[in-house]
1. Would you check if Ala32 is among the hydrophobic types (A, V, I, L, M, F, W, C), within 15 Å of Thr118 (Cα to Cα) and open to solvent by less than 80 Å² (accessible area, probe 1.4 Å)?
2. Considering only segment 35-121, give the strands (runs of 3 or more DSSP E) lying wholly within it that have at least 3 residues that are among the aliphatic types (A, V, I, L, M) and open to solvent by less than 70 Å² (accessible area, probe 1.4 Å).
Amino acid sequence: QVTLVESGGGLVQPGGSLRLSCAASGTVFGLATMAWFRQGPGKLRDLVADITEDGDIRYADSVKGRFTISRDNAKNSIYLQMNSLKAEDTAVYYCNADIQYHFRSAYRNYWGQGIRVTVSS
């Protein structure tokens, strides 16, 4: 069984920074695209950024220039460095990944439990 565990959320003032981490635990044979999504109050869950196994990256327009996604394949982990945070970045952030738990298995999509980020003075 595979789980994704996020950490690093919390309360931060506008203009501040936070770094989110997500680690895949359990039996992980392969990791494909990994991503961060977020869901603000009363909003749908939207893509923040994703990164392929080859390192190709996409960002939502709203976070370009402020957020940086990265991954460490040796640690089965991804990170989201968030700078210049704004009130509108307040949301629950979810880690997402396509994971293969066995060399004969197909990739499956997994979600973390979510971690809250609140940007407020």
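The values are calculated or read from the model by the stated rules, or taken from the named source; none is laboratory data. Please read all numbers here as calculations on a predicted model, not as lab measurements. Heads up: the accessible areas ignore ligands, DNA and RNA and are worked out on the full protein's heavy atoms, side chains in. Shrake-Rupley method; radii C 1.70, N 1.55, O 1.52, S 1.80 Å.
1. Answer is no for this residue.
2. Correct list: 45-51, 77-82, 91-100, 115-119.
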